[in-house]
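Worksheet: one structure, shown below.
Any read-out appearing in this document is the output of simple, stated calculations on the displayed coordinates, not a laboratory observation. All figures in this text were calculated on a predicted structure; none of them were measured in a lab. As a convention, Cβ positions derive from the backbone with ideal geometry for all residues, glycine included, and neighbour counts pool all protein chains shown.
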Amino acid sequence: MSTPTTASVSTHILDTSTGRPAAGVTVRLAARGGGDAAWQALGGSATDADGRCRDLPDLPAGTAHVRLDFAVEAYFEEKRAEERQDAPPHRDSGPGVFFPEVTVTFAVAPGEHYHVPLLLNPFGYSVYRGS
């Protein structure tokens, strides 16, 4: 929860190729005080069965920029392995994911909450500021 001197962040992931939440995706959180400051790793979490990270670390006072790193390659590799079990042997065996990692950097203001959903599929993604 944000205080007047800090901001807070939450996220969730929807796999638009299935229309379902993306469970088990590792999400790392980093923050910095401004464009010239070094990134400070704050920790991370993994999405739950609903595709949400409910326990991202708090942001330190003075945070101006936040970075979310979504490790999506392992998620799609697992999904692809599950699909291959039922697929015919001649099925395409090309790359399973074009973007192995998605990094989203955004500016924050003290006292605000930022919900940043990730809409994801094996060959593209979209993010936006949610509510």
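Remarks
- Residue among Leu42, Leu14, Leu119 with the largest mean-square fluctuation in a Gaussian network model of the chain, springs linking Cα atoms under 10 Å: Leu42
- 5 angstrom amide H check on Ala37, placed H, neighbours 5+ away: none
- Residue order, fewest to most surrounding Cβ atoms within 10 angstrom, among His113, His12, His65: His113, His65, His12
- Quarter of Cα convex hull surface for the range 17-63, i.e. mean projection, nm²: 4.2 nm²
- Assuming charge only on the beta carbon of Lys and Arg (+1) and of Asp and Glu (-1), the dipole of the chain about its Cα centre is about 220 debye to the nearest 20.
- The orientation-averaged projected area of the convex hull spanned by the Cα atoms of the chain comes to 8.3 nm².
- Charges were assigned to the Cβ only: +1 to each Lys and Arg, -1 to each Asp and Glu. The resulting dipole of the range 1-73 about its Cα centre is roughly 80 debye.
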